[in-house]
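Heads up, the thing below is written out as structure tokens.
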Amino acid sequence: MTDPTQDPRFLRDPYPAYAAMRSTGPVQPVPAGFGGRSSYLITGYTEAKEALGDARLSKDTAVFFAGKGSRRRLHPAVAHTMLASDPPQHTRLRKLVTTAFTTGAVKEMRPFIARVTGELLDQWPTNEPFDFVAGLAVPLPVIVICELLGVPQADRPDVQRWSAELFAAGEPDVIDAASHSMADYMTGLITAKRLDSGNSLLDRLISARDGDDHLSEEELVSLAVLLLVAGHETTTNALGNAVLALLQHPAELDRLQKNPDDVPAALDELLRFDSPVSTATFRFTTQAVTLGGTAIPAGVPVLVALGAANRDPARFPTPDQLDLDRNTAAHLAFGHGIHRCVGAPLAKAELEIALRAVLNRFPGIRLAVPADQLNWRRTRLVRGLASLPVLA
């Protein structure tokens with residue numbers, strides 16, 4: 001199997017390929033090229049959920065790659081984030097950041113999110129094609145997470161560029177260089193905040209303690225980079241995917257325009273239908289594991305295809321149909337288990353506020369080009385549009 005990120009058909013619509021793979025088994029070996037090394041790919045919902053919660057599947061990349069002589073030069077703050085750790089280290093780090101994304105904390109952010117959304121929509125032209133991704137899906141979550149972390153406005157374009165480069169599939173040198181740029185920047189920002197502290201999340205992390213425990217310098221930089229990148233990448237892709245799905249399903253679009261209070265309930269189905277994270281981040285077996293009747297030996301990477309699992313007909317009947325009445329609370333778009341996306345409440349708040357505003361202000365919004373001419377990002381990890389030309 002060749003790397004699917006090189007196939008425009010897969011980037012445009014990966015679900016037929018996933019369905020074909022699932023038809024031969026929900027868990028199967030895939031050769032080097034899919035993810036860069038021989039791995040096991042999970043496309044079934046039940047098996048994906050089981051794998052995401054199985055402690056025998058480690059996320060500690062430092063252990064996996066130790067002694068393997070990798071030529072990559074990712075900055076340690078990017079290579080060894082909270083996402084790439086297991087308990088008890090993961091438990092400790094997550095506890096220190098969870099308070100920033102509680103329902104109450106996110107509620108306090110909603111007026112700011114609404115204001116930024118309105119300001120961005122004020123800049124939209126009328127009666128001419130406009131890129132929804134560049135005009136809203138990218139800047140809104142970047143501004144929100146940068147505001148939360150206390151990143152100065154002048155630095156935000158650089159932060160967004162480095163983040164995009166971290167997902168440059170097939171360009172390891174670009175990814176590695178971006179990792180150093182991002183980590184070096186956050187190191188400098190942390191130093192500056194120690195000299196002139198404020199009330200941002202980053203300031204709170206600098207002073208965060210759990211009893212006698214506190215974050216080391218390396219942990220601070222790593223968490224800051226992770227929150228900055230993960231804090232907007234998922235939302236950017238989810239927002240573009242959701243709007244495209246609605247534009248391709250006029251009846252559902254019309255329903256939400258007439259009943260905007262239905263938007264919050266529709267979010268889970270939109271996230272299930274076209275998940276912003278196509279494949280979960282790296283895992284490997286610490287011992288032999290059997291999933292979906294397939295024996296996986298120890299020491300092997302396991303790729304959990306969240307997008308495929310969310311289209312598994314055994315869990316979601318007629319999965320290729322967008323059905324806003326479907327009960328999809330158990331979707332895996334944000335993952336599952338101890339590594340479930342800590343920022344999911346913030347992402348859903350941004351999605352709700354942005355969709356309500358767009359549908360209210362631009363009732364005639366439509367695609368400006370045929371769907372088969374849209375450009376998708378060349379990456380296996382996330383699924384998102386490079387651009388989405390619309391007419392408003």
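Please treat every number below as a calculation from the coordinates, not as lab data. Just so we're clear, the structure is a prediction, and the values are computed from it rather than from any experiment. Ideal geometry is used to build each Cβ from the backbone, glycine not excepted, and the neighbour counts take in all protein chains shown.
I'd like to compare 283-294, 241-252: which one has the highest average count of other Cβ atoms within 10 Å, and what's the full order after that?
Top to bottom by mean Cβ count within 10 Å: 241-252, 283-294.
For the residue pair Ala330 and Thr290, what label-to-label distance in nm results when each label sits 7 Å from Cα along the Cα-to-beta-carbon direction?
Spacing of the two 7 Å Cα→Cβ label points: 2.3 nm.
Report the extension gain between Ser197 and Lys95 in nm, rounded to one decimal, defined as 0.36 nm multiplied by the number of residues separating them, less their alpha carbon distance.
The span from Ser197 to Lys95 would gain 34.5 nm if fully extended.
Among Ile365, Pro172, Pro313, whose Cα sits farthest toward the positive end of the charge dipole of the chain (+1 at Cβ of Lys/Arg, -1 at Cβ of Asp/Glu, about the Cα centre)?
Most positive-ward Cα: Pro313.
From the C-alpha coordinates alone, can you work out the Kirkwood hydrodynamic radius of the stretch 145-289, in Å?
The Cα-based Kirkwood calculation yields 18.0 Å.
Which residues does a label at Ser38 reach in the stretch 280-298, if reach means a backbone N under 16 Å from a point 7 Å past the Cα toward the Cβ?
285, 288-289, 295-298, by backbone N distance to the label point.
Just from the alpha-carbon atoms, what are the Rg and Dmax of the stretch 106-184 in angstroms?
When restricted to Cα atoms, the stretch 106-184 yields Rg and Dmax of 14.8, 43 Å.
Which percent, nearest 5, of DSSP beta bridges in the stretch 4-391 are antiparallel?
The antiparallel fraction comes to roughly 85 percent.
Would you mind getting me the FRET efficiency between Lys107 and Ala134? Use the beta-carbon distance for r and R0 = 30 Å, nearest 0.05.
Computed FRET efficiency for Lys107 and Ala134: 0.55.
Packing-wise, with mean Cβ within 10 Å as the measure, how do 267-279, 350-362, 78-90 rank, highest first?
Averaged packing, sorted descending, gives the order 267-279, 350-362, 78-90.
Which lysines, if any, have their Cα less than 30 Å from the Cα of Lys49, not counting same-chain residues under 8 positions apart?
Those lysines meeting the cut-off are Lys59, Lys68, Lys95, Lys107, Lys348.
Ratio of alpha-carbon Rg to the 2.2 N^0.38 Å globular estimate for the chain, to two decimals, please.
Cα-based Rg divided by the globular estimate yields 0.96.
How charged is the neighbourhood of Arg383? Take every other residue with its Cβ under 13 Å from the Cβ of Arg383, and add Lys/Arg as +1 and Asp/Glu as -1.
Once all neighbours under 13 Å are counted, the net charge is +3.
Based on the Cβ-Cβ distance from Ser23 to Ala168, what FRET efficiency comes out when R0 is 35 Å, to the nearest 0.05?
E between Ser23 and Ala168, to the nearest 0.05, is 0.65.
Across the stretch 175-191, in residue order, what do the Karplus-derived ³J(HN,Hα) couplings come to in whole Hz, using 6.51 cos²θ - 1.76 cosθ + 1.60 with θ = phi - 60° and x for Gly and Pro?
Using θ = phi - 60°, the values come out as 4, 4, 4, 5, 4, 6, 4, 5, 5, 5, 5, 5, 4, x, 5, 4, 4 Hz.
Under the rule of -39500 (n - 2.57) per DSSP H run of 4 or more residues, summed and divided by the residues of the chain, what mean residue ellipticity at 222 nm is obtained, to the nearest 500 deg cm²/dmol?
-14500 deg cm²/dmol
Under the rule of at least 5 residues apart or a separate chain, name every residue whose amide H is placed under 5 Å from the amide H of Trp376.
Ala386
Could you give me the ³J(HN,Hα) list for the stretch 115-130, computed from phi with Karplus coefficients 6.51, -1.76, 1.60 and θ = phi - 60°, whole Hz, x at Gly and Pro?
5, 5, 4, x, 5, 5, 5, 4, 8, 5, x, 10, 6, 8, x, 8
Hey, can you rank 302-311, 179-188 by average C-beta count inside 10 Å, highest first?
302-311, 179-188
I need to check one value: relative contact order of the chain, counting alpha carbon pairs closer than 8 Å and at least 6 residues apart, in percent.
Here the relative contact order equals 28 percent.
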